[in-house]
1. Are any of the residues in segment 48-57 out of contact with any strand residue (DSSP E or B) (no Cβ under 9 Å at 6 or more places or on another chain), farther than 25 Å from Ile3 by Cβ and part of a helix (DSSP H, G or I)?
2. Looking at (1) without any contact (Cβ under 8 Å) to a residue 24 or more places away in the chain; (2) surrounded by 11 or more Cβ atoms within 10 Å (Cβ to Cβ); (3) touching a strand residue (DSSP E or B) at 6+ places or on another chain (Cβ under 9 Å), which is the one condition that is false for Met68?
3. With the requirement that a residue be more than 15 Å from Thr5 (Cα to Cα) and open to solvent by less than 50 Å² (accessible area, probe 1.4 Å), what does segment 21-31 give you?
4. Among the numbered criteria (1) without any contact (Cβ under 8 Å) to a residue 12 or more places away in the chain; (2) in contact with a Gly (Cβ under 9 Å, 6 or more places away or on another chain); (3) of a type outside the set (S, T, N, Q), which single criterion is violated by Tyr44?
5. Go through segment 30-58 residue by residue and tally those that are small (Gly, Ala, Ser) and modelled with pLDDT of 90 or more.
6. Just checking, how many residues over segment 58-78 are within 15 Å of the chain's Cα centre (by Cα) and part of a loop (DSSP other than H, G, I, E, B)?
7. (1) open to solvent by 90 Å² or more (accessible area, probe 1.4 Å); (2) at negative phi: which one isn't true of Met34, the others all being true?
8. Of the conditions (1) over 13 Å from the mean Cα position of the chain (by Cα); (2) exposed (fewer than 11 other Cβ atoms within 10 Å of the Cβ), Ile3 fails just one. Which one is it?
Amino acid sequence: MNINTETIVPISDANRNFSKVARLVDQYGSAVIMKNNAPRYIIYEFSQAEAMQAAADDEVIASSLKLMQRNAHVYEELAK
């Protein structure tokens, strides 16, 4: 994952000035909060979280369909 260096905020700054984090999210779409010099948290707009969840659901359905197609003979035997 690529991180825009302009959206990186140390956790101590985020604790003191969360409105700064919110402004970064408004401007760039996300912000990365660092803890012990490592990326620890990502803050997104709520609308993006909903879109990510929908994408994850689609991936699960696609994987399930592939497994069902690959193992169709097993399902046919179970149906008997």
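The values are calculated or read from the model by the stated rules, or taken from the named source; none is laboratory data. Computed from a predicted structure; not experimentally measured. As a convention, Cβ positions derive from the backbone with ideal geometry for all residues, glycine included, and neighbour counts pool all protein chains shown. SASA here: full protein model, heavy atoms, side chains in, ligands and nucleic acids out. Shrake-Rupley method; radii C 1.70, N 1.55, O 1.52, S 1.80 Å.
1. Taking every residue of segment 48-57 in turn, at least one turns out to be out of contact with any strand residue (DSSP E or B) (no Cβ under 9 Å at 6 or more places or on another chain), farther than 25 Å from Ile3 by Cβ and part of a helix (DSSP H, G or I).
2. (3)
3. Passing the criteria: only Ala22.
4. (1)
5. Taking segment 30-58 first, the residues small (Gly, Ala, Ser) are 30-31, 38, 47, 49, 51, 54-56.
Still in the list and also modelled with pLDDT of 90 or more: 30-31, 38.
Here the count works out to 3.
6. Residues meeting the conditions: 0.
7. (1)
8. The failed condition is (2).
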